[in-house]
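Colleague: Below: one structure in structure tokens.
The values are calculated or read from the model by the stated rules, or taken from the named source; none is laboratory data. Keep in mind the model is a prediction, meaning the values are calculated, not measured. Glycine also receives a Cβ, built like all others from the backbone with ideal geometry; neighbour counts cover every protein chain displayed. Note: accessible area is taken over every heavy atom of the protein model, side chains too, but ligands, DNA and RNA are not part of it. Shrake-Rupley method; radii C 1.70, N 1.55, O 1.52, S 1.80 Å.
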Amino acid sequence: MSGTPRLGLIGRETAETLLEQACAGHSGAVARLARSVVRTLHGRQVGIPPAMAVELATLLALPGRELPRESPWYDVVARIDRELRVALPGRSQVSTHGHRAAVLLAAHPGYSLFRLALPLLRRCTAGLGHTLLFCDEPLPDTDGAQRLRDYQHALASHVKREIEDPATSGFWRDCAWNLARLDREAVSGKRPVLHLPYQDPIATTLSHRLTPLPLPEVKREPKSSMSRPGARLRATQARREGGINGIYVTRRAEEMGQVLFSEFLQHEMLRADRLLNTGYLVHRREPKRRRMRHMFLATVVPAVAGTRVHLDFIKTCWLEAVARMVHQLVLNGLGRSEVRFIEGDRFGRCRQRHLGMNENESSRWADAPDFAAFRRQLLTGGGWGSFLFDSHQPFAAVPAPELGRAMGNPTGFSNWLARLWLSQRDQGAAFDAGARSIGPPGPGVSPAEHSSTDRPRNGRSLSGAASSGRHGGPPTGPPTGPSRLDLSLYAAAHVLVFLPLSWREHPDISWQAALARALGFAGHPRRRLSICWVPDRLDEPTGWIYQARGEGLVLGARKEGFDPRGLAGQLVGAWLHQWRTEVARG
């Protein structure tokens, strides 16, 4: 593909004549939409011929009408439909050619125009080396119609070549996945997203092509000690639901509801004496048992951890590790687990996504131990790929905005992490009530707004929800909604934090102790913290350092040649080994 294309102009009279000819025989809605498409793309210096604009308008306005086979948009719909068969298996197998893809493109015209047609035609015109634009001024133009026909033929041929070019496979896959995501949000009644999804091309390429080596094996293992019943509630709680276990004497007023019926048969003077002095007989009821949840796994990735390439590489490796870990938990009957991913920016704000399952949901996956299908569902059905790699996702303010100015130094980060952790909300309904798990409401979003706008569709088991403000804007104000996160309900909890390697030798900070205090993990044997130290360069010869205890484990060190798959395999393997060890120990 070459650089900026040469611009050619067609005068106003010739352009209007050609538009009238192209729109002749079409409905008024298609004609108006075609004119809008021409104005929009030509205003962005992407010349779309009127005939192609009319075909695109027909596709967006009348998705049930089949396009002629010689149209480039026919091939575009076919390619999107092929990708949808992978993203949504079993849901795009229809008799009509590309019917589901055409419906999705028409249902989301903004995305179809600005995220599909515009970049596709811009790439094609750059490849051609020239483009033809309509001018608002009259120009002496005797061969404008012929030039436009030649340009249209060359552009259509180039579009068809781009569709089959292996180098553009990531673009088509992203378009299909984003369309599926927008369709899922619309059907599930989620709040409208005011920004159009934009997938970071580097990140999506990594997510599709970076295969960590060697790949760890996922297998069934005996249930660990995490599957034990939960601890009893405190005996001082007034609510008794564990059954009757004897009789005892008490004078506590809150026990009046459990008094024996025989106490009312006593003489009134004796009853008064028992109430005031000696005490009365009540049933002994044990507290209700509360089942513990299994694994809580959170990851915090601040912007200071590295550049955009660092963050994309980290997200790709993390997604692979989490997919394998969740699959392992599901196969071994430990589905009452939760995963959170929290990303911070350089202004102290954050965005996060939550994945929680209950046993009813995870049991469906235990009977289908196909990791490829499981990972695809996590990426597409759960929307994790869109969340992690969408560079337009909004960030929410942590309830301490003044700390954002100090994010660039170690002390400021510790304070920010403490405030961030205090703002985390519990998602107990997904586990204890057997309800469908939904993501935590962001700061400033009320529980009513959250429950009404983030409700998922069709009981998908591997979904999550991103924490953001109402209608996608950055929220403000103190956190509201569910109670604070209570890690005592989990048999094991682990938080993975990414930090720059240059901070590791800070003279005044012991990082393991400082972060443990910030998270409230100090002195808790079932709450563990690990740090992944990220070097300044992705291909740093000295490697990365993963520190779960002690001095840390050096990963990816080498004398020559950078092997991204080998580094990814070591990172994924080290994280999985630590997580599985904690699962086994409970």
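Colleague: Restricting to region 248-270, what's the tally of residues that are charged (D, E, K, R) and in contact with a strand residue (DSSP E or B) (Cβ under 8 Å, 6 or more places away or on another chain)?
Modeller: Counting residues in region 248-270 that are charged (D, E, K, R) and in contact with a strand residue (DSSP E or B) (Cβ under 8 Å, 6 or more places away or on another chain) gives 3.
Colleague: Separate question: Checking VAL534 against (1) closer than 24 Å to MET295 by Cα; (2) open to solvent by less than 20 Å² (accessible area, probe 1.4 Å); (3) β-branched (Val, Ile, Thr), which test does it fail?
Modeller: Single failed check for VAL534: (1).
Colleague: Could you go through region 567-580 and let me know if any residue there is assigned to a loop (DSSP other than H, G, I, E, B), under 21 Å from VAL304 (Cα atoms) and not β-branched (Val, Ile, Thr).
Modeller: Checked region 567-580: no residue is assigned to a loop (DSSP other than H, G, I, E, B), under 21 Å from VAL304 (Cα atoms) and not β-branched (Val, Ile, Thr).
Colleague: Then there is this: Which residues, taken from region 543-586, are of a type in the set (S, T, N, Q), open to solvent by 20 Å² or more (accessible area, probe 1.4 Å) and more than 23 Å from SER502 (Cβ to Cβ)?
Modeller: THR581
Colleague: Taking the condition of being under 30 Å from ALA180 (Cβ atoms) and surrounded by 20 or more Cβ atoms within 10 Å (Cβ to Cβ), how many residues in region 114-136 meet it?
Modeller: Total meeting the criteria: 7.
Colleague: Here's something else I'd like to know. Would you point out the residue of region 46-64, among those that are among the β-branched types (Val, Ile, Thr) and part of a loop (DSSP other than H, G, I, E, B), that is nearest to THR125 (Cα to Cα)?
Modeller: Start the filter on region 46-64 by keeping residues that are among the β-branched types (Val, Ile, Thr), which leaves 46, 48, 54, 58.
Imposing the further condition that a residue be part of a loop (DSSP other than H, G, I, E, B) reduces the set to 46, 48.
Numbers: VAL46: 7, ILE48: 9 Å.
Per the stated criteria, the residue is VAL46.
For (1) touching a Pro at 6+ places or on another chain (Cβ under 8 Å); (2) touching a residue at least 24 places away in the same chain (Cβ under 8 Å), each residue gets a yes or a no:
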site	(1), (2)
TRP503	yes, yes
GLY520	no, yes
ILE531	no, yes
VAL534	yes, yes
GLY550	no, no
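Colleague: Another question, if that's okay. What residue, among those in region 281-316 that are polar (S, T, N, Q) and either open to solvent by 10 Å² or more (accessible area, probe 1.4 Å) or at pLDDT below 90 (or both), is nearest to the chain's Cα centre (by Cα)?
Modeller: Here is the first cut: in region 281-316, the ones polar (S, T, N, Q) are 299, 307, 316.
Those left that are additionally either open to solvent by 10 Å² or more (accessible area, probe 1.4 Å) or at pLDDT below 90 (or both): 307, 316.
Details: THR307: 20, THR316: 12 Å.
Of everything passing the filter in region 281-316, THR316 is nearest to the chain's Cα centre (by Cα).
Colleague: So, one more: Answer yes or no: is there a residue in region 7-20 that is within 35 Å of the chain's Cα centre (by Cα), assigned to a helix (DSSP H, G or I), exposed (fewer than 14 other Cβ atoms within 10 Å of the Cβ) and not aliphatic (A, V, I, L, M). Quick ask: steps written out before the conclusion?
Modeller: Our first condition is that a residue be within 35 Å of the chain's Cα centre (by Cα); within region 7-20, this holds for none.
Scanning region 7-20, I find no residue that is within 35 Å of the chain's Cα centre (by Cα), assigned to a helix (DSSP H, G or I), exposed (fewer than 14 other Cβ atoms within 10 Å of the Cβ) and not aliphatic (A, V, I, L, M), so the answer is no.
Colleague: Next up: Output the residues belonging to region 129-176 that are under 33 Å from the mean Cα position of the chain (by Cα) and of a type in the set (Phe, Trp, Tyr).
Modeller: PHE171, TRP172
Colleague: Pairs please, first residue from region 138-162 and loosely packed, with under 13 Cβ neighbours inside 10 Å, second anywhere and in a helix (DSSP H, G or I), Cβ atoms under 7 Å, 6+ apart in sequence or on different chains.
Modeller: Hits for this filter: PRO138/ARG12; PRO138/GLU13.
Colleague: Test LEU319 against the stated conditions and say whether it is of a type outside the set (Val, Ile, Thr), in contact (Cβ under 8 Å) with a residue 24 or more places away in the chain, open to solvent by less than 10 Å² (accessible area, probe 1.4 Å) and part of a loop (DSSP other than H, G, I, E, B).
Modeller: no
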